[in-house]
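Presented below is the structure to which this report refers.
The values are calculated or read from the model by the stated rules, or taken from the named source; none is laboratory data. This one's a predicted model, so the numbers in the text were calculated from it and none came from an experiment. Note: ideal-geometry Cβ built from the backbone for every residue, glycine included; neighbour counts use all protein chains shown. Note: areas computed on protein heavy atoms with side chains; ligands, DNA, RNA excluded. Shrake-Rupley method; radii C 1.70, N 1.55, O 1.52, S 1.80 Å.
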Amino acid sequence: MKNLDIKLWTLQAKGQIVPDKSLLKTPEQIEAIRKSADLNTAVLDHVAAHIKAGMSTADIDRLVYDYTVSHGGIPAPLNYEGFPKSVCTSINNVICHGIPDEQEILMEGDIINVDVSTILNGYYSDASRMFAIGQVDERAEKLLRVTKECVELGLKAAKPWGHLGDIAYAINSHARKNGYSVVEEIGGHGIGLEFHEDPFVSYVTPKGSEMVLVPGMMFTIEPMINEGSPDFFIDEDNGWTVYTIDDGLSAQIEYMVLITEDGVEVLTK
Ligand code: MF3
Ligand code: CO
């Protein structure tokens, strides 16, 4: 047996949750996924350069579709489990999975999450950013700042041979300290060879709990931070859009990361 197998087996024997070997990417896979992730970042940069008050979320969808396809990629959300568009656009009290719409116009003071996922040569990448449309009020500004801090603290807590729960703890405690809550039932995921792979990544679990972080693992850090209650409801008509139950603001930032031998690398953000 190889050293890695012995290490994983020993941890498992001690009751730790360890990743299946199929979740550990090979150097060749990492190179291919990196190319997908680079395109994903370029799509987000393209959105960042054009997003402004007065445009519709359908305009954002067209920016994403056209840029992705003209660079040889496929937008991963398009037709994914019936999702009808190329990107998720989630404004103000929408937590995630907002569907771009011609009638939905960005207004000065809005905050919006644009969640971009890309397939390139069969390899998957995924990241999202928050955008403030024009001048936003202090409430929105604080939420955007704290959400960014949460993800950065989560990233700092990600260490090879640590645990997913270390990331969750860093995120959840910073959110709570600022009077916010973290959505519980929706989380991050493994990614690379598929859009959504194991593990499910919670941002509310305790330090030292959940899966051990093994070099070669790839997953997303994408907490949803709510001003008020962490609870939500899903739009009954479209089956996708997730709203805060109390109409409070929600923000989300998503980084896609790779656990390495000596740390963590952000692949797209
Ligand atoms: N980053 C989001 C996620 O992992 C993207 C969802 S795309 C959708 O859940 F098609 F599922 F909406
Ligand atoms: Co994701």
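If the chain between Glu185 and Lys156 were fully stretched, how many nm would it gain, using 0.36 nm times the residue separation less the Cα-Cα distance? Don't jump to the answer; show the numbers that get you there.
Working: separation 29, 0.36 × 29 = 10.44 nm, distance 2.33 nm.
Extending this stretch completely gives an extra 8.1 nm.
What residues have an amide H closer than 5 Å to that of Gly192, excluding those fewer than 5 places away on the same chain, when H is modeled at 1.01 Å from N in the peptide plane?
Distant-sequence amide H within range of Gly192: Tyr124.
What value, in deg cm²/dmol to 500, does the helix sum -39500 (n - 2.57) over DSSP H runs of n ≥ 4 give at 222 nm once divided by the residues of the chain?
Working: 5 runs with 83 residues, N = 269.
Value at 222 nm, helices only, nearest 500: -10500 deg cm²/dmol.
Springs between alpha-carbon pairs under 10 angstrom, Gaussian network model over the chain: which of Ala49, Ala175, Ala127 fluctuates most?
The residue with the greatest mean-square fluctuation here is Ala49.
Hey, can you list the DSSP H helices of the chain whose Cα span along the axis is 30 Å or longer and whose average Kyte-Doolittle score is at least -0.5?
Numbers: long enough: 27-50 (35 Å, -0.20).
The answer, listed by residue number, is 27-50.
Is there a quick way to get the dipole size of the range 182-269? I mean about its Cα centre, with the Cβ of Lys and Arg at +1 and of Asp and Glu at -1; what is the value in debye to the nearest 20?
Details: 2 positive and 18 negative charges, 76 e Å.
For the range 182-269, the charge dipole is close to 360 debye.
Given a 1.4 Å probe, how much area per residue of the range 22-268 is accessible, in Å²? Intermediate values should be presented prior to the final figure.
On the way: 10140 Å² over 247 residues.
Result: 41 Å² per residue.
With the chain treated as a Gaussian network of Cα nodes joined by springs under 10 Å, which of Glu222, Glu254, Glu197 yields the largest mean-square fluctuation?
Evaluated over the chain, the most mobile residue of the options is Glu197.
In the range 1-143, what percent of the accessible surface is made up of carbon and sulfur (1.4 Å probe, ligands and nucleic acids excluded)? Write out the running numbers ahead of the final one.
On the way: 3640 of 7010 Å².
Carbon and sulfur: 52 percent of the exposed surface of the range 1-143.
Could you tell me the accessible area of Arg62 in Å² (1.4 Å probe, neighbours in place), rounded to the nearest ten?
100
What does the charge count near Cys96 come to, summing +1 for each Lys or Arg and -1 for each Asp or Glu among other residues with Cβ under 11 Å from its Cβ? Write down the numbers at each step before the final one.
Working: positive: none; negative: Asp115, Glu222, Glu254.
Charge balance in the 11 Å sphere: -3.
Using 7 Å Cα-to-Cβ label points, what is the His71/Leu193 separation (nm, one decimal)?
Modelled inter-label distance: 2.6 nm.
On a straight-distance basis, which lysines could pair with Lys269 in a cross-link, Cα separation under 16 angstrom, same-chain partners fewer than 8 positions away excluded?
Lys35, Lys148, Lys156
Roughly how many nanometres apart are two label points built 7 Å out from the Cα toward the Cβ at Glu28 and Ser229?
Inter-label distance under the simple model: 5.2 nm.
Quick check: residue separation of Glu102 and Asp38 times 0.36 nm, minus the Cα distance between them. What number comes out in nm?
20.2 nm
So if R0 is 51 Å, what FRET efficiency would Ile17 and Asp247 give, r being the distance between their Cβ atoms, rounded to the nearest 0.05?
On the way: r = 37 Å, r/R0 = 0.72.
With R0 = 51 Å, the Cβ-Cβ based efficiency is 0.90.
Just how far, in whole angstrom, is the range 195-242 from the range 70-96 if you go by their alpha carbon centroids?
Value for the Cα centre distance between the two parts: 17 Å.
Taking 0.36 nm per residue of sequence separation and subtracting the Cα-Cα distance, how much length would be gained by fully extending the chain between Lys52 and Thr260, in nm to one decimal?
On the way: separation 208, 0.36 × 208 = 74.88 nm, distance 3.73 nm.
Length gained, Lys52 through Thr260: 71.1 nm.
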